[in-house]
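The values are calculated or read from the model by the stated rules, or taken from the named source; none is laboratory data. Here the structure is a predicted model, which means the values were calculated and not measured. Using ideal geometry, Cβ is built from the backbone for each residue, glycine included, and neighbour counts are taken over all protein chains shown.
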């Protein structure tokens, strides 16, 4: 087999994986030998940063090389992630992904796994946000995301809640009727009627909600075709691994880009029997170890196809581990090591510092650790350059080419400043002071932890970006990350002589950065993320959307 003149790219992106969950980043109890081996054979980035602490905006930044607010994929007033498939929001058609640039350079492009960047704009089948409209030749996977209702027992949990609220409404209505007809309380008949009507409507809406999520949004697509609705979570890992191996085998004689976007380790944690109960950290550890096996299988497929020396492999997570998520008393979210905060928590390190590993034998040195600020957005210019393309000149690209850094041609990252947004609100700024090597971080806003002193936002699904759920800091909190990576000891603005100097430099950088911001339509604004039945993907006649075209396929791969 002749070697390809252009390198192949295999990008593996985990979902909600904490940086502290991997052996090569310090974990001593969860077994991740395949990811650890990947790091030993390449470069490990220790300050790899996501552009957002949540799935949709982080993935938008990854695909475009731009902060998510530039494409309208950051929002504070509406949702912070896509909540439905039947909504017009998503990655705008005018955004240029690195896949679309490589596609024009002759690359065969594919994405397998999670997308979570929208499907359609105006009609069910226009697919304006779909991967095939953003530079991909092939898509197999989940256009939405995982949700606890995507698994059968998710409906059981809803049924329990539904039964409780049904009994509560029935008891309230009966009490009103008894009080009225016994003349103990004067209540107009209309009041009783409206209470009864409200109860019926509440029952219907509450019952339909899980059906909307499980049967309408939890789907698997191959290109434009829905092949499972709802998806079968128990076999999805095997299906995605099979599709990945087959794609590599099909494309081994041409240059290709393949993104493997894992469903692991987002909740619900569905793990095959071969890995269930095998780790020391319950369902979460089992799921991490299964993902590690999948990583090893994918790397083996590349090496066995004779593509080892002509393929750049990249492994990362879209953001940090989800601290608040639990199943009863069992923690089912990730661990972010020494770093404070987690998924959804604005600018705290635990939500945005992620694993970053690159392997390319003969080009990228092996067993190297780089402690310089880098970003998931850097993959964009890196791949465009290596693939022979050119960066768009009609927009700002915030990522920087990684190759000079990872090949040791340059001692420093090209990032002097990185800006950490929560939705559209600037929460924190990172400054790499290259003369001294210090890394500074100023927090202008931070989410309010609840209960006081805890590590997460337990009263809501995610921490707030603004309003009462945040604390404004004037003067800002300032940490020297190079000496205090856990952000536990802010500098005293009244005592520390460096405080004013550092803040003045950061303030000037923020002013320059704000000059680059232009107003764009907010994809996640309230009206844009509302569900529209005419946009809902459906493999039958809406609302009867049931199909399984994969029955009996991909069994046993992970056994």
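In the stretch 366-386, the residues that are without any contact (Cβ under 8 Å) to a residue 60 or more places away in the chain form Cβ pairs under 8 Å with partners that are crowded, with 24+ Cβ neighbours inside 10 Å, at six or more places apart or across chains, as follows: 382/399; 382/402.
Quick one: is residue 275 assigned to a loop (DSSP other than H, G, I, E, B), at pLDDT 95 or above and surrounded by fewer than 24 Cβ atoms within 10 Å (Cβ to Cβ)? Yes: the conditions hold for residue 275. Of all residues in the stretch 462-481, those satisfying the criterion of being surrounded by 12 or more Cβ atoms within 10 Å (Cβ to Cβ) and modelled with pLDDT under 95 are 462, 463, 464, 465, 466, 469, 470, 471. If the condition is being in a helix (DSSP H, G or I), out of contact with any strand residue (DSSP E or B) (no Cβ under 6 Å at 6 or more places or on another chain) and under 13 Å from residue 111 (Cα atoms), then the stretch 214-241 contributes only 241.
Working carefully through the options 49, 22, find the one that is buried (at least 24 other Cβ atoms within 10 Å of the Cβ) and farther than 30 Å from residue 230 by Cβ. Reasoning before the result, please.
Values: 49 fails: buried (at least 24 other Cβ atoms within 10 Å of the Cβ).
The conditions single out 22.
This table checks each residue for (1) modelled with pLDDT of 95 or more; (2) buried (at least 22 other Cβ atoms within 10 Å of the Cβ); (3) in contact with a helix residue (DSSP H, G or I) (Cβ under 7 Å, 6 or more places away or on another chain).
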site: 397; (1), (2), (3): yes, no, yes
site: 402; (1), (2), (3): yes, yes, yes
site: 405; (1), (2), (3): yes, yes, no
site: 419; (1), (2), (3): yes, no, yes
site: 423; (1), (2), (3): no, yes, no
site: 428; (1), (2), (3): yes, yes, no
site: 435; (1), (2), (3): no, no, no
site: 438; (1), (2), (3): yes, no, no
site: 442; (1), (2), (3): yes, yes, yes
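Out of 474, 496, I need the residue that is over 20 Å from residue 321 (Cβ atoms), out of contact with any strand residue (DSSP E or B) (no Cβ under 6 Å at 6 or more places or on another chain) and in a strand (DSSP E or B). Which one? Let's see the steps before the verdict.
Details: 496 fails: in a strand (DSSP E or B).
Every option except 474 fails the conditions.
Give the residue that is surrounded by the most Cβ atoms within 10 Å (Cβ to Cβ), with candidates limited to residues of the stretch 513-541 that are within 19 Å of residue 430 (Cα to Cα) and in contact with a strand residue (DSSP E or B) (Cβ under 9 Å, 6 or more places away or on another chain). Before the answer, list the steps.
The initial filter retains those residues of the stretch 513-541 that are within 19 Å of residue 430 (Cα to Cα), namely 513-517.
Narrowing further to those that are in contact with a strand residue (DSSP E or B) (Cβ under 9 Å, 6 or more places away or on another chain): 513-514.
Numbers: 513: 15, 514: 10.
The residue in question is 513.
Taken over the stretch 302-327, the criterion of being more than 18 Å from residue 285 (Cα to Cα) and assigned to a loop (DSSP other than H, G, I, E, B) is satisfied by 305, 306, 307, 318. For residue 91, the conditions (1) at pLDDT 95 or above; (2) farther than 24 Å from residue 219 by Cα; (3) crowded, with 24+ Cβ neighbours inside 10 Å are fulfilled apart from (2).
Taken together, the residues in the stretch 328-379 that are more than 19 Å from residue 318 (Cα to Cα) and assigned to a loop (DSSP other than H, G, I, E, B) amount to 10. In this entry, residue 348 passes the filter for residues that are touching a strand residue (DSSP E or B) at 6+ places or on another chain (Cβ under 9 Å), within 25 Å of residue 263 (Cα to Cα) and in the same structural domain as residue 287 (by TED's automatic domain parsing). Listed conditions (1) assigned to a loop (DSSP other than H, G, I, E, B); (2) at pLDDT 95 or above; (3) within 19 Å of the chain's Cα centre (by Cα) are all met by residue 96, apart from (3).
As a summary of the residue check, residue 394 satisfies the conditions (1) assigned to a helix (DSSP H, G or I); (2) without any contact (Cβ under 8 Å) to a residue 12 or more places away in the chain except for the one numbered (1).
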